[in-house]
Amino acid sequence: IQTILLKNRPVGRPVVSDFEFVKDESDISINDGEILLETTYVSVDPYLRGRMSDAKSYVPPFELNKPIHSGVIAKVIASKNESFAEGDFVSGMLDWKTQQVSTGEGLLKVDKSKAPLSAYLGILGMTGLTAYLGLTEIGKPKAGETLVVSGAAGAVGSVVGQIGKILGLNVIGIAGTDEKVEMLKSKFGFDAGINYNTTENMTAAIAEAAPNGVDVYFDNVGGPISDAVLFNINKFARIIICGAISVYNNTELPKSISVQPFLVKNSALMQGFIVSNYADKFPEAMKELSTWLAQDKLTYTETIVEGFENIPTAFIDLFDGKNKGKMIVKI
Ligand code: NDP
């Protein structure tokens, strides 16, 4: 059995040596009420970076020299728990281990005849819920409005833009390569896309792409990209702060930015979003997402990296935009 532990709290950008691999050759046995799980897919997510620091946050930090955990799909390979049978697949927050014992608490059975297993870590998992609930609960979009999404070619962003189109919005995505911008339009139906790496004046580029101004901004990245969007907001705009990946590796507090006057003069709403605060709405959101998926109104893409030993690299690669759609490691 292999396990990945957090060895050091990363300073700045995480590096592979912040993680430690350990191997244990002993057999695992299970007691009554327990199941033995074999890991099939592991989700790597930008928010894990926050848990690797010891700063106070909405989830406790990972402990040093303990396994990291994230969203995992696993196969039940032995069961002494009547709720689970050998051969079942489950999803839940589990350790970065090739095999582990669980009581089944907090695990959901997933049906691989309904969707590919990896989809339960993406569009039919936290990713889809974040996109749907952030956009609808805080964004409150109305048909005909303009939506801007940053991190648009990533897991959450690509779903947000598509839901925006289903709801009748004009959708503009911001991403880091021309290939990603092309994918936003051709695969996900965005109306326009902007490559922030090759665009000198982002404020002007957003003004050009959104001639009627921005009504809803779904922010995954923070930093200067977001400032440029905020300079283009309309009266009563809604700004969903879902993430801020561009500053997750910062080692110093940011210098103050001056978007407040834009919020004041436009009576805009800016609100932080954490998906777990909306758990009562998960069933309704999941129903909508799976219906749209079945009707081909929604699609998704994944970057699948193979091999347990590549989990840390796949995680670090998120900060270089190496993924299109959801980054997943297949074990
Ligand atoms: P993504 O699939 O979007 O992967 C991260 C992407 O961020 C990369 O592909 C890259 O794309 C982009 N990126 C990386 N560095 C930068 C940078 N310096 N500036 C701009 N873009 C950058 O991840 P997720 O969809 O899983 O997560 C997206 C955001 O949503 C994250 O901020 C995450 O923390 C947040 N989140 C929040 C949740 C909540 O409940 N609040 C739940 C889930 C996610 P590119 O090539 O375009 O740069």
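The values are calculated or read from the model by the stated rules, or taken from the named source; none is laboratory data. No experiment lies behind these values; they were computed from the predicted model shown. We place every Cβ from the backbone using ideal geometry, glycine too, and count neighbours over all the protein chains shown.
How about segment 58-112: which of its residues are of a type in the set (Val, Ile, Thr) and assigned to a strand (DSSP E or B)? Listed by number, the residues that qualify are VAL72, ILE73, VAL76, ILE77, VAL90, VAL101, VAL110. For the residues GLU182, GLU200, GLU208, GLU137, the requirement of being touching a residue at least 24 places away in the same chain (Cβ under 8 Å) and either more than 8 Å from the ligand (Cβ to nearest atom) or among the β-branched types (Val, Ile, Thr) (or both) singles out GLU137.
A single entry from LYS80, LYS75 fulfils the requirement of being under 24 Å from LEU124 (Cβ atoms), surrounded by 13 or more Cβ atoms within 10 Å (Cβ to Cβ) and either among the hydroxyl-bearing types (Ser, Thr, Tyr) or in contact (Cβ under 8 Å) with a residue 24 or more places away in the chain (or both): LYS75. Applying the set (1) surrounded by 16 or more Cβ atoms within 10 Å (Cβ to Cβ); (2) part of a helix (DSSP H, G or I); (3) within 13 Å of the ligand (Cβ to nearest atom) to ASN277 leaves exactly one unmet item: (1). Here ALA55 fulfils each of the conditions (1) within 16 Å of the ligand (Cβ to nearest atom); (2) within 20 Å of ALA314 (Cβ to Cβ) apart from (2).
Mind checking whether some residue in segment 145-166 is away from the ligand (no atom under 11 Å from the Cβ), over 19 Å from ASN220 (Cβ atoms), small (Gly, Ala, Ser) and crowded, with 18+ Cβ neighbours inside 10 Å? No, segment 145-166 contains no residue that is away from the ligand (no atom under 11 Å from the Cβ), over 19 Å from ASN220 (Cβ atoms), small (Gly, Ala, Ser) and crowded, with 18+ Cβ neighbours inside 10 Å. Of THR177, THR251, all but one fail to be in contact (Cβ under 8 Å) with a residue 40 or more places away in the chain and closer than 29 Å to LEU124 by Cβ; the exception is THR177.
The single condition from (1) outside the structural domain of ASP18 (by TED's automatic domain parsing); (2) within 15 Å of the ligand (Cβ to nearest atom) that ASP296 fails is (2).
Among the hydrophobic types (A, V, I, L, M, F, W, C), over 23 Å from LEU298 (Cα atoms) and not in a helix (DSSP H, G or I): is that true of PHE218 in this structure? Against the criterion (among the hydrophobic types (A, V, I, L, M, F, W, C), over 23 Å from LEU298 (Cα atoms) and not in a helix (DSSP H, G or I)), PHE218 does not qualify. Within segment 282-303, residues that are part of a helix (DSSP H, G or I) sit with their Cβ atoms under 7 Å from residues that are not aliphatic (A, V, I, L, M), at 6+ positions apart or across chains, in these pairs: ALA285/TYR132; GLU288/TYR132; LEU289/GLY128; LEU289/TYR132.
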